[in-house]
Amino acid sequence: MIEIITTRQRRAMTVVSLFLGATIALFVMCDVCVAGMDAPEAVTASYVKPPVVGHNMMVVSANPIASKIGFQTLEKGGSAIDAAIAVQLALGLVEPQSSGLGGGAFLLYYDAKKRALMAFDGRETAPAGVTPNLFIGADGKPMTFVDASVSGRSVGTPGVVRLLETIHRHAGRLPWKDVFQPAIQLAEQGFIISPRLAFLIANDQEALRRNANVRNYLFTPEGAPLQAGAHLANPAYAQTLRVLAENGPDAFYRGPIAADIIRSVRSDPLYPGSLSENDLSEYRVKTVEPLCGPYRVYRICSFPPPSSGGVAILQILGVLEPFALAPPNSTQAIHLIAEASKLAFADRNHYVADPAFWPTPTLELIDRGYLMQQSKRIDPKHAAPTPVSPGSPPQRQGGLVAPDDSSELPSTSHFIVVDRDGNIVSVTSSIENAFGSKIMTRGFFLNNQLTDFSFLPATSEGKPIANRIEPGKRPRSSMVPVIVFDKEQRPFMTVGSAGGPRIIGQVVLALIGVLDWRLNIQEALNLPLFFNRNSDTELEEGTPLIDLKPSLEAMGHRVIISRISSGTHGITLGVNGGLVGGADVHREGLAIGD
């Protein structure tokens with residue numbers, strides 16, 4: 001039974017008031033300003049959010065301002081696609097550490113009239129000038145992540161702007177330039193810096209100071225990082241959006257904006273990159289087949305490689321299907337989910353990469369017979385020593401390659417839009433690490449997504465790594481927007497998350513919370529978090545899960561207590577004839593329904 005708390009829902013809906021006009025101000029109630037928020041993005045265990053109810057339309061994103069702008073776009077008659085574009089443009093301003101014009105995204109779109117699901121791959125690509133030793137230092141060893149990421153060398157060809165154009169051509173309803181106006185106005189007039197953004201500026205200030213544009217934007221004239229509550233305008237971003245609104249996306253990939261992007265990447269003082277005019281002008285969004293598989297009575301649809309998330313969540317759920325899951329926050333439930341996650345991450349790190357460059361055995365990895373074999377590897381009473389070995393899917397292509405454990409950090413954003421016609425847009429968008437490469441141009445940050453590749457092209461034994469860097473290749477990602485269909489093939493749920501490779505575990509927990517434990521979406525997102533990435537079993541600090549450490553260790557788990565970065569948002573559809581939305585307790589996100 002899905003519980004709907006209408007009184008608290010109304011309270012949540014008044015948490016944020018946004019006034020677009022002569023001034024723009026954000027007023028946040030004190031219970032949203034959680035003590036210790038974002039340290040980084042740490043949760044206060046006693047704080048929960050209520051579900052939000054809607055009848056026909058809903059927007060949920062990681063920032064209240066972006067959610068409000070998206071919902072206003074729907075109210076003006078915009079489609080889910082129009083509202084998603086408006087949300088992304090706003091997030092690039094108010095949540096610049098997580099996503100924006102300088103990054104990439106995966107997008108699922110459900111067309112209600114056609115009852116069709118489409119997947120759009122706007123992931124960044126490696127420039128043509130990269131070499132296998134891109135992240136190998138002068139000493140012949142892999143660079144540190146900090147040196148590699150805070151550099152022009154880490155910047156991939158951005159895909160978000162071309163993705164926005166592609167989806168607008170497909171199902172936009174409002175004129176292209178009209179969808180840009182709220183973000184332009186917000187950038188010109190400014191917004192109030194949130195506690196989360198202020199914390200992340202202060203936390204990363206040493207690296208941020210390296211770029212003059214960033215210093216001028218996020219620091220006071222005296223050099224202090226801007227504080228929560230400060231007013232921040234971004235006229236450079238407003239001008240970039242104005243150019244794109246008037247001239248279309250080609251103005252981003254050619255001409256003065258493109259020249260400034262290239263100049264910023266190639267003039268990095270320590271580790272310049274090779275991004276070129278041709279890399280930008282030749283970038284293309286891919287329309288790909290969604291990756292779908294069964295789970296109990298449901299059909300789970302998500303993203304294929306280069307996302308590893310779709311394969312991994314279908315593997316975890318498929319391996320768990322023979323088991324009756326114990327209640328949430330129990331030793332037995334954590335044990336089974338952790339053991340299934342070990343197996344999925346072993347396969348992920350061994351087999352999954354951009355299929356245009358390596359024959360990833362995607363369908364073999366989610367083959368039902370294979371998953372039943374993998375399920376038998378789980379001992380219900382004892383944890384397998386880590387790392388576990390990858391499985392042997394049918395006709396596997398991985399025998400000649402070696403596993404890879406490349407870095408993938410958590411500053412990403414997920415947002416969802418459902419319009420009055422029942423169309424759904426579920427988007428995971430990222431610039432990778434917090435503030436990406438820490439390079440800012442034209443009012444937005446450039447990604448550091450190339451560090452999602454393996455730093456080594458091969459192992460010491462000479463075996464190639466599937467996720468090695470190659471020109472034009474898209475780096476492996478854990479980003480995984482999901483849409484769930486019921487047994488009548490009607491959309492029942494949509495969910496996605498931020499959090500680097502932890503995205504996989506967060507999305508799995510939300511799915512199990514709703515589909516197995518019958519929680520409403522917000523209750524599922526309020527659950528304390530735990531993970532296993534084929535290593536330690538991580539339990540979220542400050543939550544009741546830490547009391548389970550002894551019992552899990554008695555089963556053989558290596559348990560660590562971790563500060564968790566998350567950002568899961570979701571909507572269930574058709575519940576009591578309407579929509580129920582949930583926003584992650586770890587972030588400042590807000591769901592808004594009609």
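Using the Karplus curve 6.51 cos²θ - 1.76 cosθ + 1.60 with θ = phi - 60°, work out ³J(HN,Hα) for each residue of segment 206-222 in order, rounded to whole Hz, and write x for Gly and Pro.
Those phi angles translate into 4, 5, 5, 5, 5, 9, 4, 4, 5, 4, 5, 8, 9, 10, 6, x, 7 Hz.
So which lysines can K473 reach, going by Cα to Cα under 24 Å and dropping same-chain residues fewer than 8 places off?
Here the lysines satisfying the reach criterion relative to K473 are K141, K286, K438, K463.
Which links in K113/K376; K68/K549; K76/K114 stretch past 32 Å when you go from one Cα to the other?
As for pairs spanning more than 32 Å Cα to Cα, those are K113/K376; K68/K549.
Order the following by accessible area, largest value first: V507, V53. Probe radius 1.4 Å; ligands, DNA and RNA are ignored.
Largest to smallest exposure gives the sequence V53, V507.
Using only the Cα atoms of segment 115-194, build the gyration tensor, take square roots of its eigenvalues as a ≥ b ≥ c, and label the shape rounded, prolate or oblate: rounded if a/c is under 1.5, else prolate if a/b is larger than b/c, else oblate.
oblate
With a 1.4 Å probe and every protein chain left in place, tell me how much accessible area T220 has, in Å² to the nearest 10.
Spelled out: T220, probe radius 1.4 Å, area about 40 Å².
At what distance in nm do the modelled label points of A230 and K549 sit from each other, each positioned 7 Å from its Cα along Cα→Cβ?
Between A230 and K549, the label points sit 3.7 nm apart.
Just to confirm, what accessible area per residue do you get for segment 150-194 at 1.4 Å probe, in whole Å²?
In whole numbers, segment 150-194 has 30 Å² accessible per residue.
Once the whole set of protein chains is in place, how much accessible area is left on L511, using a 1.4 Å probe, in Å² to the nearest 10?
Estimated to the nearest 10 Å², L511 gives 0 Å².
What accessible area per residue comes out for segment 433-582, rounded to a whole number of Å², with a 1.4 Å probe?
Here the per-residue accessible area is 27 Å².
Efficiency by 1/(1 + (r/R0)^6): what FRET value for K141 and S389, r their Cβ-Cβ distance, R0 = 35 Å, to the nearest 0.05?
The calculated FRET efficiency here is 0.85.
What does the accessible area per residue of segment 233-371 come to in Å², with a 1.4 Å probe and no ligands, DNA or RNA counted?
On a per-residue basis, 35 Å².
Over the heavy atoms of R242, what accessible area does a 1.4 Å probe trace out, to the nearest 10 Å²?
80 Å²
In whole percent, and with a 1.4 Å probe on the protein chains, what portion of the accessible area of the chain is carbon and sulfur?
Roughly 54 percent of what the probe reaches on the chain is carbon or sulfur.
What does the C-alpha gyration tensor say about the overall shape of segment 504-594? Classify as rounded when a/c is under 1.5, otherwise prolate if a/b is larger than b/c, or oblate.
It is prolate, given that a/c is not under 1.5 and a/b is the larger ratio.
Hey, with R₀ at 22 Å, roughly what FRET efficiency would N213 and N247 work out to, going by the Cβ-Cβ distance, to 0.05?
The formula returns an efficiency of 0.45 here.
Any chance you could check the Cα centroid distance between segment 61-139 and segment 503-553 for me, in angstrom?
26 Å
Using only the Cα atoms of segment 474-540, build the gyration tensor, take square roots of its eigenvalues as a ≥ b ≥ c, and label the shape rounded, prolate or oblate: rounded if a/c is under 1.5, else prolate if a/b is larger than b/c, else oblate.
Because a/c hits 1.5 or more and a/b fails to exceed b/c, segment 474-540 counts as oblate.
The values are calculated or read from the model by the stated rules, or taken from the named source; none is laboratory data. In this text the structure is predicted, and so the values were computed from the model without any measurement. In this analysis, Cβ positions are derived from the backbone assuming ideal geometry, glycine residues included, and neighbour counts consider all displayed protein chains. Each accessible area value is taken on the protein alone, full model and side chains, heavy atoms only, with ligands, DNA and RNA left out. Shrake-Rupley method; radii C 1.70, N 1.55, O 1.52, S 1.80 Å.
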